[in-house]
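Working notes, structure below.
The values are calculated or read from the model by the stated rules, or taken from the named source; none is laboratory data. Keep in mind the model is a prediction, meaning the values are calculated, not measured. All Cβ positions, glycine included, derive from the backbone under ideal geometry; neighbour counts span all protein chains shown.
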Amino acid sequence: MSTPKRLQAPRGMIVTFGFIVFFAAVAFGVKIYEFLTDLLDDGGIGFAGSHLLTYVLVAAGFILLLVHGFLSGHFAAIEEPKYTMLEKEIARDNADELV
């Protein structure tokens with residue numbers, strides 16, 4: 001019995017994705033720096049405070065979701081969460097039919 005070949009993404013796609021993520025991270029860092037410099041100005045807290053808090057909370061939420069995904073093994077078997085979700089949905093539908 002032969003083992004299935006593992007699909008690999010083309011190198012160009014990986015490089016392009018890397019550039020996009022890098023430049024997005026740099027742009028996000030620049031925006032955070034601008035907000036921090038506005039906060040340090042005399043009247044900056046009223047303007048940038050809520051926006052900076054929103055950015056930090058959203059970024060922290062995404063980072064926590066990414067870490068949770070890695071620690072729980074969602075990236076080890078990429079199709080497994082889909083099948084788990086479908087199994088739970090079928091079980092929930094069956095439970096609703098019984099009621």
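Is there any pair with a first residue in region 53-78 that is over 21 Å from Lys31 (Cβ atoms) and a second that is exposed (fewer than 11 other Cβ atoms within 10 Å of the Cβ) and among the acidic types (Asp, Glu) whose Cβ atoms are under 9 Å apart and which are 6 or more apart or on different chains, and what are they?
Going by the 9 Å Cβ cut-off, there are no qualifying pairs.
Condition first: modelled with pLDDT under 90, out of contact with any Pro (no Cβ under 6 Å at 6 or more places or on another chain), not in a helix (DSSP H, G or I) and not hydroxyl-bearing (Ser, Thr, Tyr). Can you find one or more residues in region 91-98 that meet it?
No, region 91-98 has no match at all.
Does Glu34 meet the test of being in contact with a His (Cβ under 8 Å, 6 or more places away or on another chain) and either modelled with pLDDT under 90 or loosely packed, with under 10 Cβ neighbours inside 10 Å (or both)?
Here the answer is no, as Glu34 does not meet what is asked.
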